[in-house]
Amino acid sequence: MAVSTRGLASAEPRFRARALQRRRRPWLRILWTIVALAVVGALVWLVFWSPVLAARTVEVSGVTGADRTAVADLVDVDGTTPLARVDLEAVEQRVRTRRNIAEVSVERGWPSTLHVRAVPREPALVLKNPEGQLEVVDATGVAYGSVRTAPAGVPVVTADSTKGTTKPALEAALSVIHTLPSDLADQVSSIRVSTANLVSFTLGDVEVVWGGADEADRKLAILRALLATEPTSIDVSAPDTPVTRGGPSPSPSESESED
């Protein structure tokens, strides 16, 4: 069988081209791999090391005035640290060192901004300590500042001793404030805290010994029931065995009927 030399001659260049492509493929893969690594490296450098994406701006929300300035100062970024490398947790911890900040969250805002959201503490009571100073206390029992006069509408609690200034003692005082409904709270003229287990207050003309923060709702129900007997003092610190003193004097007709 005769083989055409013309056909072989025309196929030879194609074979050579294919062989050349096969030889080039590994080098092309290597080249594209190098290019891809270079691009990734450039992006990593741009994000983590380049000053182009540095944290230059701090935006504080949730607080105003001096508090806003103080929070911005506590963020403490120098304007050259890349935003991606800012330790957000460390920033939050620094801001929390400000006593009147209850919560804080920090987020990155590309390309160069830190967003700081601060939640200030709100006064739940004012503590008059044994030295006569007024301290503002939030709803969690944390004292976070001093004032000359109590804010309007914030109850004042007097601590009889340093034991009455502890966080558990303040939580016990707060249990009274949170538990008493408005019709009773409006009649309270003073609240005193001696220890975490001994809170007392004046309710109209009645002296009430509340005790600690435990069983607050039950104490309230017992207190309401005993107020109907018109006593001069009520002790619900041990709600299983409440104690009252005083009460209305019997009328002459009641005295005669008893005789």
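The values are calculated or read from the model by the stated rules, or taken from the named source; none is laboratory data. Bear in mind that the values here come from a model prediction, so they are computed numbers and not experimental data. FYI the Cβ positions are ideal-geometry reconstructions off the backbone, even for glycines, and counts take in every protein chain you see. Accessible surface areas use protein heavy atoms only, side chains included; no ligands, DNA or RNA. Shrake-Rupley method; radii C 1.70, N 1.55, O 1.52, S 1.80 Å.
Of all the criteria given as (1) modelled with pLDDT of 95 or more; (2) surrounded by 13 or more Cβ atoms within 10 Å (Cβ to Cβ); (3) within 30 Å of Pro51 (Cα to Cα); (4) out of contact with any Gly (no Cβ under 9 Å at 6 or more places or on another chain), the one not satisfied by Glu107 is (2).
Every residue, every condition in (1) modelled with pLDDT under 95; (2) within 20 Å of the chain's Cα centre (by Cα); (3) open to solvent by 20 Å² or more (accessible area, probe 1.4 Å), yes or no:
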{"residue": "Val71", "(1), (2), (3)": "no, yes, no"}
{"residue": "Asp76", "(1), (2), (3)": "yes, no, yes"}
{"residue": "Arg85", "(1), (2), (3)": "yes, no, yes"}
{"residue": "Arg99", "(1), (2), (3)": "yes, yes, yes"}
{"residue": "Pro111", "(1), (2), (3)": "yes, no, yes"}
{"residue": "Arg117", "(1), (2), (3)": "no, yes, yes"}
{"residue": "Lys128", "(1), (2), (3)": "no, no, yes"}
{"residue": "Glu135", "(1), (2), (3)": "no, yes, yes"}
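If you check Leu125, Leu134 for being closer than 25 Å to Asn100 by Cβ, touching a Leu at 6+ places or on another chain (Cβ under 9 Å) and free of Cβ contacts under 8 Å to residues at least 24 places away in the same chain, only one passes: Leu134.
Screening Ala150 with (1) surrounded by 20 or more Cβ atoms within 10 Å (Cβ to Cβ); (2) assigned to a loop (DSSP other than H, G, I, E, B) gives one miss only, at (1). Of the helices (runs of 4 or more DSSP H) lying entirely inside segment 160-231, those containing at least 3 residues that are of a type in the set (Val, Ile, Thr) are 167-179. Within segment 153-176, the residues that satisfy the criterion of being farther than 16 Å from Ser194 by Cα and surrounded by fewer than 19 Cβ atoms within 10 Å (Cβ to Cβ) are Gly153, Val154.
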